[in-house]
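Colleague: Quick one: this structure, given as C-alpha cells, is what I'll be asking you about.
Please treat every number below as a calculation from the coordinates, not as lab data. If you're wondering where the values come from, they're calculated on a predicted model, not measured in any experiment. Every residue, glycine among them, receives a Cβ derived from its backbone with ideal geometry; neighbour counts consider all protein chains shown.
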Amino acid sequence: MNNPSALPAIRIGQGYDVHAFGEGDHVMLGGVRVPHSCGVLAHSDGDVVLHALCDAMLGALALGDIGQHFPPSDDRWKGADSTRFLQHCNELLGERGWRVGNADVTVICERPKVGPHALGMRERIAGVLGLPLDAVSVKATTSEKLGFTGRGEGIAAQAVVLLVRA
C-alpha cells in the first residue's frame, strides 16, 4: 500500500478516560472550568473529555495513547492544561495528512450537571481543533446511580472521532 490513493480516506478512533473525585471546587471538562463540590485526582488537570478525545485521535492513527505522549511520571505535565495535549494530538494528525472531521463525546457522571456547560465545551474544542461548531458534540448521561460514577466517586468520558484526509 505505498500508493497514497489506495489508502483509506477516513479513520475512526474511540477513547475513554476516568478520574476519581478528590479535593477541589471544580472539574475541567472540555477545556471549561465547571464548578463542583470536588476536584479530580490526576497528574494533569484531569480533563476526562479532552483525555478521551486525545485517545480517540491517537487511536485512529495507531499512535498509542495519551499516557505514552504525556506520561504521568513526567513532572512537566503536573497540573498541565489538557488543551495542550489536544493541540499536540491535532498537530500529529496534521503532520500525517489527517484532520478531525467530527468528534462526539459523552460525559458519564451524576454530578456536576454537564448540560449548562456543553456549548462552552463544544466551542473550546472546536476552536482548538479548527472545526466548525457543528462538527463537535458534547453530551452527558448518568449511570442511574450504578457503579463508581453512580455513587459519585468519579467521572468518565467516551469519545469517538472520524478522521479525514487533510
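Colleague: Considering the dipole of the chain built from charges on the beta carbon (Lys and Arg +1, Asp and Glu -1) around the Cα centre, which of LEU162, ALA52, THR83 is farthest to its positive end?
Modeller: LEU162
Colleague: Further question on the same structure: What size of dipole, in debye to the nearest 20, comes out for the chain about its Cα centre when the only charges are +1 on Lys and Arg C-beta atoms and -1 on Asp and Glu C-beta atoms?
Modeller: Dipole size: approximately 360 debye.
Colleague: Please give the contour-minus-distance gain from HIS69 to GLN14: 0.36 nm per residue of separation, less the Cα-Cα distance, rounded to one decimal in nm.
Modeller: Here the segment from HIS69 to GLN14 would lengthen by 18.1 nm.
Colleague: Quick one: what are the phi-derived ³J(HN,Hα) couplings along the range 81-88, Karplus 6.51/-1.76/1.60 with θ = phi - 60°, whole Hz, x for glycine and proline?
Modeller: My calculation for the range 81-88 gives 6, 5, 5, 5, 5, 5, 4, 4 Hz in order.
Colleague: Report the local net charge at ILE12: Lys and Arg +1, Asp and Glu -1, summed over other residues whose C-beta lies under 15 Å from its C-beta.
Modeller: Cβ neighbours under 15 Å give a net charge of +1.
Colleague: Sort 34-42, 70-78 for me by packing, meaning the mean count of neighbouring Cβ atoms within 10 Å per residue, highest on top.
Modeller: Result, highest mean Cβ count within 10 Å first: 34-42, 70-78.
Colleague: Let me ask you something else. Just want to confirm a number: the relative contact order over the range 93-166, from Cα pairs under 8 angstrom separated by 6+ residues, in percent.
Modeller: Computed over the range 93-166, the figure is 51 percent.
Colleague: Sort the following peptides by mean Cβ neighbour count (other Cβ atoms within 10 Å, averaged over residues), highest first: 49-55, 19-25.
Modeller: Put in order of decreasing packing, that is 49-55, 19-25.
Colleague: Something else: Report the extension gain between LYS113 and THR142 in nm, rounded to one decimal, defined as 0.36 nm multiplied by the number of residues separating them, less their alpha carbon distance.
Modeller: Gain on extension, LYS113 to THR142, equals 9.5 nm.
Colleague: Another question, if that's okay. Can you tell me the convex hull volume per residue for the chain, based on C-alpha atoms, in Å³ to the nearest whole number? It would help to have the intermediate numbers written out before the result.
Modeller: Values: hull volume 18.4 nm³, N = 166.
It comes to 111 Å³ per residue, whole-number rounded.
Colleague: For the chain, what is the relative contact order in percent, using Cα pairs closer than 8 Å and at least 6 residues apart in sequence?
Modeller: Relative contact order, the chain: 32 percent.
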